[in-house]
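Have a look at the structure below before the remarks.
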Amino acid sequence: MSDYNEMWRSLGLNMKNHDQLMQVLPPTYHDVYLMQPNRPEGMEYFDFVVNEIHGLRIQELQEHKKTGGKVIGSFCVFVPEEIVIAAGGISIGLCSGVEIGTAEAEKVLPRNICPLIKSFMGFKLGKVCPYFETCDMVVGETTCDGKKKAFEILNDYIPVHLMETPQMRRNRDRELWLGEVKDFANMVEETTGNTITADNLAKAIKEVNGKRQALQRLAKLRKHDPAPISGKDSLVIEQIAMYDNVARFTAKVNDLCDELEEKVQAGEGAFNRKTPRVIVTGTPMAIPNWKVPHIIETSGAVIVAEELCTGLRYFETEVAEDGQTTDGLLINLAERYLGINCAVFTPNIGRMDKLLQLVEEYKADGVIHCALSFCDPYTVESNRVEKTLKEHNIPMLKLETGYDQEDAGQLKTRVEAFVEMISEAKR
Ligand code: BJ8
């Protein structure tokens with residue numbers, strides 16, 4: 001990687017904290033990713049992106065800002081990136097997948113809070129993340145209580161626009177959400193100084209739909225046995241989808257899919273045929289949280305789909321492109337986003353139905369429910385998931401964990417036992 005020290009300093013990063021992070025990331029990626037056998041050549045681009053995670057992309061964002069462009073960060077797949085793109089801005093999904101700046105975060109947050117929330121506060125207060133320091137503002141949401149209240153505190157350090165996300169899907173909830181999407185569009189226009197028109201919004205919707213279609217294509221290829229790509233490689237691509245340049249990312253995913261199609265034709269896979277197939281569901285796995293996928297895929301199973309926000313929930317549906325006016329397109333956007341099966345909804349039947357459908361489509365032998373510690377929506381909803389899967393005789397393993405490695409051994413023992421059990425059933 002080139003020398004980006006000057007750029008990082010100019011962003012006001014705490015160089016000591018930042019160095020600590022950069023010392024951990026490359027060796028972790030090497031051990032978790034680069035040591036995998038049978039990787040497609042098309043992963044080279046995504047390896048490069050991770051290698052340059054705080055370098056080239058940040059440089060691109062800085063160039064954009066030099067010409068007056070704005071960068072808007074978010075933490076949830078409910079925030080419609082199409083609106084930011086339509087107004088000429090860049091939308092960045094901020095990651096929060098690593099335990100860092102904990103001491104700083106615990107000055108303003110309780111100790112027992114979801115690690116994702118603690119991580120984003122730690123990133124900001126510890127001044128470790130160049131993406132955060134590049135953002136002109138952050139968009140928060142009222143999905144879960146922890147995030148909702150944490151955004152009030154975060155607003156002391158960076159401007160936060162809050163979107164009220166409904167928890168039900170009745171007509172009045174749809175109206176509320178449409179109002180929020182319209183307010184967001186107004187706020188983005190004010191921030192960027194650019195008007196959102198039917199033309200630029202239609203173009204942005206098409207562009208992001210293109211990204212989602214490429215990811216759907218990748219997902220579909222994983223239905224084959226043997227799966228042509230590992231779950232870990234697929235996950236890192238889904239994580240990069242949140243912050244990379246949309247057109248370039250889409251082209252690279254499509255190139256990779258061309259290669260994977262050939263592998264499928266040739267019967268080649270990342271793992272042997274008949275390897276137990278697992279679906280992972282639960283809380284998002286923000287970069288660089290690869291802990292559980294790594295444990296699963298080094299315990300004799302392959303992950304064939306992620307029912308996660310860093311996974312199918314992000315790309316499985318598209319925004320309708322048929323609106324003629326800005327208002328019509330905003331309605332299409334609101335409708336698509338309200339369909340995301342987040343556990344903050346009650347009831348959340350769509351997630352249960354989706355899991356059953358995925359198990360069948362991806363010929364999965366079991367489901368691993370993985371929730372971040374102290375996440376009430378997902379840890380509580382795991383009961384509904386368990387009940388549904390049990391009714392259909394689908395094996396399930398429930399895990400709850402944070403970002404630290406302390407429980408890695410214990411998790412591995414449990415995952416190995418689960419994989420052994422589903423392998424027996426497969427024989
Ligand atoms: S749409 S899953 S990205 S809210 S893990 S912070 S829920 S306590 S992240 Fe999420 Fe949007 Fe829903 Fe998806 Fe709270 Fe749970 Fe922490 Fe969470």
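The values are calculated or read from the model by the stated rules, or taken from the named source; none is laboratory data. Computed from a predicted model, the values in this text were never measured in an experiment. Here Cβ is always computed from backbone atoms with ideal geometry, including for glycine, and neighbour counts include all displayed protein chains. Heads up: the accessible areas ignore ligands, DNA and RNA and are worked out on the full protein's heavy atoms, side chains in. Shrake-Rupley method; radii C 1.70, N 1.55, O 1.52, S 1.80 Å.
Mind checking whether some residue in the range 100-120 is of a type in the set (D, E, K, R), within 13 Å of the ligand (Cβ to nearest atom) and over 15 Å from Ile72 (Cβ atoms)? So that I can check it myself, show each step before the final result.
The initial filter retains those residues of the range 100-120 that are of a type in the set (D, E, K, R), namely 104, 106-107, 111, 118.
Filter once more, keeping what is within 13 Å of the ligand (Cβ to nearest atom): 118.
Retained after the next criterion (residues that are over 15 Å from Ile72 (Cβ atoms)): 118.
Yes, because at least one residue in the range 100-120 is of a type in the set (D, E, K, R), within 13 Å of the ligand (Cβ to nearest atom) and over 15 Å from Ile72 (Cβ atoms).
One residue stands out among those in the range 383-401 that are part of a helix (DSSP H, G or I) and of a type outside the set (S, T, N, Q): the one that is farthest from Lys118 (Cα to Cα), which is Glu391.
Within the range 371-398, being open to solvent by less than 90 Å² (accessible area, probe 1.4 Å) and within 16 Å of the ligand (Cβ to nearest atom) holds for Ala371, Leu372, Ser373, Cys375, Pro377, Tyr378, Thr379, Glu381, Ser382, Asn383, Val385, Lys398. Can you name the residue in the range 108-128 that is among the aliphatic types (A, V, I, L, M) and outside any loop (DSSP other than H, G, I, E, B) and is also farthest from the chain's Cα centre (by Cα) among such residues? Filtering first and then ranking leaves Val108.
For the range 103-116, the candidate set comprises residues that are within 17 Å of Thr283 (Cβ to Cβ) and out of contact with any Leu (no Cβ under 7 Å at 6 or more places or on another chain); within that set, the residue that is surrounded by the fewest Cβ atoms within 10 Å (Cβ to Cβ) is Asn112.
Can you tell me which residue in the range 144-166 is nearest to the ligand (Cβ to nearest atom), limited to those that are open to solvent by less than 10 Å² (accessible area, probe 1.4 Å) and closer than 20 Å to Gly339 by Cα? Checking each candidate, the answer is Thr165. Close Cβ contacts (under 7 Å, 6 or more residues apart or on different chains) running from residues in the range 118-136 that are under 23 Å from Lys70 (Cβ atoms) to residues that are of a type in the set (S, T, N, Q) and open to solvent by less than 10 Å² (accessible area, probe 1.4 Å) comprise Phe120/Ser96; Phe123/Ser96.
Of all residues in the range 184-199, those satisfying the criterion of being under 17 Å from Asn332 (Cβ atoms) and open to solvent by 40 Å² or more (accessible area, probe 1.4 Å) are Thr197, Asp199.
Just one residue in the set Thr413, Thr401 is of a type in the set (Ser, Thr, Tyr), exposed (fewer than 15 other Cβ atoms within 10 Å of the Cβ) and modelled with pLDDT of 95 or more; that residue is Thr413.
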